[in-house]
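Novice: Provided herewith is a single structure, encoded as structure tokens, for subsequent inquiry.
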Amino acid sequence: MIKVNKFKQALNGDKPLFGLWQGIPDTTVAEIGAGAGFDWLLIDAEHGPFDLRSVMAHLQAVESYPVSALVRPVEGSTALIKQLLDIGAQTLLVPMVDSAEQAEQIVRAAKYPPEGVRGLGTSMARAANWNRTSDYLLKANEEICVIVQIETLAGIQNIDSIVAVDGVDAVFIGPSDLSAVMGHIGNPGHPDVVAAIESGFDIIHRAGKSSGVLAVTKELVDKYVAAGAMFIGVGVDAALLVNATRQLASQYISDGSDESTEGY
């Protein structure tokens, strides 16, 4: 039987899902995160130094843990989406989506015909257990979860048409890039940025879709939960390591710095 996408199911639930960003390309770090108790992990192949094989290794490493694995590719090309789905990714968070046409192309890339254009290669696909999952071709489309990431002014301007695209399951608003294009680079918690994100949530929810965001302070997390965000990244593995090691060192060595890393 095909593997059920529990993350996609949970998006229709009544409680927010909290996750951890995985940017360190080491499966031991992924397993530590997978066993920590989060609802989901995101393998970040957009900014993390991942290739196709290391993404697959991470999917394999966390599969036995009670956590959902999301993958963010470097971009949303049809060929790359096909490869990521074949190696076992079921939920994709595709960055830099600026238009409905782009969202439609991503959905079509993720679906087998007639809904889409995903090529058939199940004899070589881990996702289909190398053709041992007899119902994979018939049921794969309904288990794929497509999340588009809006993080530019064009994306915000086109959000109504993007969220209306059939097959887009959820919309993630990227606070870091959005803060930069709004003139508040490095300050994703700026009131103007937060207001733009909350306004985006309203549009997403009116379309019947789920919204998500990355927020690494408790204050922002609580604010976005109150605004209806359904999935929230609350930490980044590299940033957690940076802050923990800096704090430990500062107990014994003074370098005159007390900066923290937010991890966007």
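The values are calculated or read from the model by the stated rules, or taken from the named source; none is laboratory data. The structure displayed is predicted, hence computed values, not measured ones. Neighbour counts are summed over all protein chains in view; Cβ atoms, including those assigned to glycine, are modelled from backbone coordinates with ideal geometry.
Novice: So, of the residues in segment 17-32 that are under 15 Å from the mean Cα position of the chain (by Cα) and farther than 13 Å from residue 57 by Cβ, which turns out to be surrounded by the fewest Cβ atoms within 10 Å (Cβ to Cβ)?
Specialist: Looking at the filtered set, the residue picked out is 18.
Results for (1) hydroxyl-bearing (Ser, Thr, Tyr); (2) touching a strand residue (DSSP E or B) at 6+ places or on another chain (Cβ under 8 Å), shown as yes or no for each residue.
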position	(1), (2)
1	no, no
8	no, yes
14	no, no
27	yes, no
32	no, no
50	no, yes
71	no, yes
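Novice: Would you mind finding the one in 140, 195 that is more than 18 Å from residue 96 (Cβ to Cβ), surrounded by fewer than 16 Cβ atoms within 10 Å (Cβ to Cβ) and hydrophobic (A, V, I, L, M, F, W, C)?
Specialist: On the way: 140 fails: surrounded by fewer than 16 Cβ atoms within 10 Å (Cβ to Cβ).
Just one listed residue meets the conditions, 195.
Novice: Another question, if that's okay. Quick one: which residue in 232, 162, 185 is in contact (Cβ under 8 Å) with a residue 60 or more places away in the chain and over 25 Å from residue 15 (Cβ atoms)? Quick ask: steps written out before the conclusion?
Specialist: Numbers: 232 fails: over 25 Å from residue 15 (Cβ atoms); 185 fails: in contact (Cβ under 8 Å) with a residue 60 or more places away in the chain.
The match here is 162.
Novice: Can you confirm whether segment 240-257 contains a residue that is of a type in the set (Asp, Glu), at pLDDT below 95 and in a loop (DSSP other than H, G, I, E, B)? Break it down into steps so the answer makes sense when it comes.
Specialist: If we filter segment 240-257 for residues that are of a type in the set (Asp, Glu), which is where we start, we get 255.
Adding the requirement that they be at pLDDT below 95 leaves 255.
Of the ones still in play, those that are also in a loop (DSSP other than H, G, I, E, B) are 255.
Checked segment 240-257: at least one residue is of a type in the set (Asp, Glu), at pLDDT below 95 and in a loop (DSSP other than H, G, I, E, B).
Novice: Take residue 80 and tell me if it is touching a helix residue (DSSP H, G or I) at 6+ places or on another chain (Cβ under 9 Å) and surrounded by 18 or more Cβ atoms within 10 Å (Cβ to Cβ).
Specialist: Details: touching a helix residue (DSSP H, G or I) at 6+ places or on another chain (Cβ under 9 Å): yes; surrounded by 18 or more Cβ atoms within 10 Å (Cβ to Cβ): no.
Criteria not met by residue 80.
Novice: Restricting the search to segment 122-140, which residues are outside any helix (DSSP H, G or I) and either in contact (Cβ under 8 Å) with a residue 12 or more places away in the chain or of a type in the set (Ser, Thr, Tyr) (or both)? Reasoning before the result, please.
Specialist: Start the filter on segment 122-140 by keeping residues that are outside any helix (DSSP H, G or I), which leaves 125, 129-135.
125, 133, 134, 135 - these are the residues of segment 122-140 that are outside any helix (DSSP H, G or I) and either in contact (Cβ under 8 Å) with a residue 12 or more places away in the chain or of a type in the set (Ser, Thr, Tyr) (or both).
Novice: Restricting to segment 109-121, give me the number of residues that are over 15 Å from residue 84 (Cβ atoms) and assigned to a helix (DSSP H, G or I).
Specialist: Looking only at that region, the number is 0.
Novice: In this structure, is residue 242 of a type in the set (Val, Ile, Thr) and under 28 Å from residue 12 (Cβ atoms)? Working first, answer last.
Specialist: Details: of a type in the set (Val, Ile, Thr): yes; under 28 Å from residue 12 (Cβ atoms): no.
So residue 242 fails the test.
Novice: Could I ask something else about it? Which of the residues belonging to segment 218-241 are of a type outside the set (A, V, I, L, M, F, W, C) and under 18 Å from the mean Cα position of the chain (by Cα)? Before the answer, list the steps.
Specialist: Initial filter on segment 218-241 (of a type outside the set (A, V, I, L, M, F, W, C)): 218-219, 222-224, 228, 233, 235, 237.
Of everything in segment 218-241, those that are of a type outside the set (A, V, I, L, M, F, W, C) and under 18 Å from the mean Cα position of the chain (by Cα) turn out to be 224, 228, 233, 235, 237.
Novice: When both residues are 6+ apart or on different chains and their Cβ atoms are under 7 Å apart, which pairs have a first residue that lies in segment 21-42 and is farther than 15 Å from residue 74 by Cα, and a second that is assigned to a loop (DSSP other than H, G, I, E, B) and hydroxyl-bearing (Ser, Thr, Tyr)?
Specialist: Hits for this filter: 34/65; 35/65.
Novice: Tell me which of these residue 167 doesn't satisfy, since it passes every other one: (1) part of a loop (DSSP other than H, G, I, E, B); (2) over 23 Å from residue 45 (Cα atoms); (3) out of contact with any Lys or Arg (no Cβ under 6 Å at 6 or more places or on another chain).
Specialist: With respect to (1) part of a loop (DSSP other than H, G, I, E, B); (2) over 23 Å from residue 45 (Cα atoms); (3) out of contact with any Lys or Arg (no Cβ under 6 Å at 6 or more places or on another chain), residue 167 is out only on (2).
Novice: Also, I was wondering about something else. Scan segment 129-155 for residues that are closer than 19 Å to residue 4 by Cβ and either aromatic (Phe, Trp, Tyr) or within 17 Å of the chain's Cα centre (by Cα) (or both) and jot them down.
Specialist: 136, 143, 144, 145, 146, 147
Novice: In this structure, does residue 147 turn out to be surrounded by 19 or more Cβ atoms within 10 Å (Cβ to Cβ), among the hydrophobic types (A, V, I, L, M, F, W, C), under 23 Å from residue 13 (Cβ atoms) and touching a residue at least 24 places away in the same chain (Cβ under 8 Å)?
Specialist: Numbers: surrounded by 19 or more Cβ atoms within 10 Å (Cβ to Cβ): yes; among the hydrophobic types (A, V, I, L, M, F, W, C): yes; under 23 Å from residue 13 (Cβ atoms): yes; touching a residue at least 24 places away in the same chain (Cβ under 8 Å): yes.
Yes, satisfied.
Novice: For segment 174-231, which fully contained helices (runs of 4 or more DSSP H) count at least 1 residues that are among the hydroxyl-bearing types (Ser, Thr, Tyr) and over 18 Å from residue 160 (Cβ atoms)? Give the derivation first.
Specialist: Values: elements: 175-181, 191-206, 218-226.
Answer list for segment 174-231: 175-181, 218-226.
Novice: Residues in segment 206-216: is at least one at pLDDT below 95 and in contact with a Gly (Cβ under 7 Å, 6 or more places away or on another chain)?
Specialist: Taking segment 206-216 and keeping what is at pLDDT below 95, we get 216.
When the remaining residues are screened for being in contact with a Gly (Cβ under 7 Å, 6 or more places away or on another chain), the result is 216.
Yes, some residue in segment 206-216 is at pLDDT below 95 and in contact with a Gly (Cβ under 7 Å, 6 or more places away or on another chain).
Novice: Something else: Criterion first (at pLDDT 95 or above and outside any loop (DSSP other than H, G, I, E, B)) does residue 156 satisfy it?
Specialist: Working: at pLDDT 95 or above: yes; outside any loop (DSSP other than H, G, I, E, B): yes.
Here the answer is yes, as residue 156 does meet what is asked.
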